[in-house]
Amino acid sequence: MFKEKNISSQIREFEDLEKQNLSLDSKLDELLKLLDNSELDSDRIKHIQNKFNAVVEKKLSQDEAISEIKEISLQNIDQLDKLNRLEVLLNNNYIDSKQAKGIKRKELLGKAMQILIGFLMVTLGFAMVILPAPPYFEMFTIFHFTYDDGFTLMDLISLIIIATGIYLIIKSYYKFSKE
């Protein structure tokens, strides 16, 4: 019984939102008529246009709206409360599937670049260890294996670069696997 009342109240809320959209269209038509009938100078028209554009840009900011939707969906709150918050967000922001796909592509490209940079760092680190360096570039030896050979500061820097590259690869891989 309670759920039926809750559903009927939600249906009424949707109808109210639809009426609000209709009233918004009528108010926009009234505004256009007022602007058409008024005698405004060019500075005042530019000011009104800038105000209108600022409000529209705020409504159309896709990245922010999608990030807010992600935040709400990841919160540990009641499912009904989540649904209500998502409903308000989707009613106040225009989000197209093409826009969402574009943002998804940007995220995937960023993760792929992070993996590529990780592999490049690992390759650079191994190249620094394997390839012989000139004597003036070989810094002091930290640990001597023999009189002529040992573990140098250059090798330590190379291992740090390799470890950083591996960290980037693993971190990016886990980001890919979460989605």
By how many nm would the segment from Ile160 to Asp36 grow when fully extended, if each residue of separation counts as 0.36 nm and the alpha-carbon distance is taken off?
37.8 nm
Thr123 - accessible surface, heavy atoms, 1.4 Å probe, Å² rounded to 10
90
Between Tyr136 and Tyr173, what length in nm is gained on full extension when 0.36 nm per residue of separation is reduced by their alpha carbon distance?
9.5 nm
Per-residue SASA entry for Ile170, accessible area with 1.4 Å probe, Å² rounded to 10:
90
At R0 = 45 Å, how high is the FRET efficiency between Phe143 and Asn50 if r is their beta carbon distance? Nearest 0.05 is fine.
0.10
Accessible surface of Glu107 in the full protein assembly, 1.4 angstrom probe, to the nearest 10 Å²?
60
Just flag the chymotrypsin sites (Phe, Trp or Tyr not before Pro) in the stretch 94-179 sitting in loop per DSSP whose Cβ has no more than 15 other Cβ atoms within 10 Å.
Tyr94, Tyr136, Phe137, Phe140, Phe145, Tyr147
Here the FRET efficiency for Lys101 versus Glu71, based on Cβ atoms and R0 = 30 Å and rounded to 0.05, is 0.90
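The values are calculated or read from the model by the stated rules, or taken from the named source; none is laboratory data. Treat the numbers as computed from the prediction; the structure is a model and nothing was measured. Glycine also receives a Cβ, built like all others from the backbone with ideal geometry; neighbour counts cover every protein chain displayed. Heads up: the accessible areas ignore ligands, DNA and RNA and are worked out on the full protein's heavy atoms, side chains in. Shrake-Rupley method; radii C 1.70, N 1.55, O 1.52, S 1.80 Å.
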